[in-house]
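*Asks:* Take this structure first; my questions come after.
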Amino acid sequence: MSVNHELKILQAIRQADTLCVPQLIPTCLAAHLLPRDFEGSEADYLSHLVHHLLPKVRKFHLANRVDIFVEENAFSSAAAKKYLLKAKAMGFDLIIHGNQFTSGCVQLANDVEALSIDHLETMTPDEIRALAKGKTIPVVLPGASIGLGAPFAPARQLLDAGTSLAIASDWNPGSAPMGNLLVQAALMGVAEGLTMAETWAAMTIRAARALQLEDRGCIRRGHLADLMAFPTSNYQEVLYHQGQMRPEKIWKNGILTQ
């Protein structure tokens, strides 16, 4: 991907945000993998992004968040730290994709004060404790585990340690093509021993917190009325049916959209 390609993707997201009901929050994840046609090291590529991409993203208000994939086959923690700190100095909020196949990203997340760290399928007990002591929100992605045939992230252990666990879909054509968050969360909840309430909180108020959307995610006076109504009087039945029960009505900002 070139700088122009990344800019086009972000521009498309901004345009889509004006055309659809859900609010889209773009993230600049140009640092996912080192492009095959890039002639240089990972440090060279990240420097290229800092000098040629991120300034344009800021100038045209295309995203407020910068993400990087930290793995053995992606970017190292040392290179990622330099990149993220430079992005932070430019005014970006920070996100990390890490601990999917190998551990080692939690200290980085704490050091740079990342808003969230996504994946976390590979976690050591020390990393779980360290994450609980910091402010970074762990976002587990059961769709990636299902798509790749990999173990789920240790959601039960993360919750028991005191973290503010969130659940997201990681919907993408490469590793998580399902996209159905209710199915994914229900399956992870069973596998990890989460209660229905814990699973719902991870998909709603804690997910909103990971996106810095403090005005939604729960039913409370003064919050935005982003709501879904299911054909049941018991919230537990929605996850019990593992994605088969669909919402009958959807409100966005208090306006009925479906």
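*Asks:* Please state the charge dipole magnitude for the range 1-145, taken about the Cα centre, from unit charges on C-beta atoms (+1 on K and R, -1 on D and E), reported in debye and rounded to the nearest 20.
*Replies:* Rounded to the nearest 20 debye, it is 600 debye.
*Asks:* What is the distance in Å between the Cα centroid of the range 133-176 and that of the range 222-247?
*Replies:* Value for the Cα centre distance between the two parts: 21 Å.
*Asks:* By how many degrees, between 0 and 90 and to the nearest 10, does the Cα long axis of helix 181-192 differ from the longest principal axis of the chain?
*Replies:* So the inclination is approximately 90 degrees.
*Asks:* Then there is this: Need the list of lysines near K88 for cross-linking: C-alpha distance under 25 angstrom, and skip anything on the same chain fewer than eight residues off.
*Replies:* Cross-link targets: K8, K56, K59, K133, K135.
*Asks:* Could I ask something else about it? Which order, highest average first, do 55-64, 216-225 follow once you tally other Cβ atoms within 10 Å for each residue and take the mean per peptide?
*Replies:* Packing order, densest peptide first, comes out as 55-64, 216-225.
*Asks:* Given the Cα atoms of the range 134-213, and with Rh set as the inverse mean 1/r over their pairs in the Kirkwood sense, what is Rg to Rh to two decimals?
*Replies:* With Rh from the inverse mean 1/r over Cα pairs, Rg/Rh is 0.94.
*Asks:* Rounded to the nearest 10 degrees, what's the angle between the helix 3-17 long axis and the longest principal axis of the chain, both from Cα atoms, 0 to 90?
*Replies:* 20 degrees
*Asks:* Quick one: which of 147-153, 39-45 comes out on top by average Cβ neighbours within 10 Å, and what's the full order, highest first?
*Replies:* 147-153, 39-45
*Asks:* I'd like the distance between the alpha-carbon centres of the range 103-130 and the range 1-66, rounded to an integer number of Å.
*Replies:* 24 Å
*Asks:* Next up: If you count, for each residue, the other Cβ atoms within 10 Å and average over each peptide, how do 28-37, 231-240, 178-187 line up from highest to lowest?
*Replies:* Working: 28-37: 16.3, 231-240: 13.8, 178-187: 19.6.
Peptide ranking by packing, descending: 178-187, 28-37, 231-240.
*Asks:* For the chain, what is the per residue volume of the convex hull drawn over the alpha-carbon atoms, in cubic angstrom?
*Replies:* 135 Å³
*Asks:* Right, another one. Pick out, from A201, A185, M123, the residue whose Cα sits farthest towards the positive end of the charge dipole of the range 123-233, with +1 on the Cβ of Lys and Arg and -1 on the Cβ of Asp and Glu.
*Replies:* Projecting each Cα onto the dipole axis, the largest value belongs to A201.
Read-outs: derived from the displayed coordinates by stated rules, not from any lab. All values derive from a computational prediction rather than experimental measurement. FYI the Cβ positions are ideal-geometry reconstructions off the backbone, even for glycines, and counts take in every protein chain you see.
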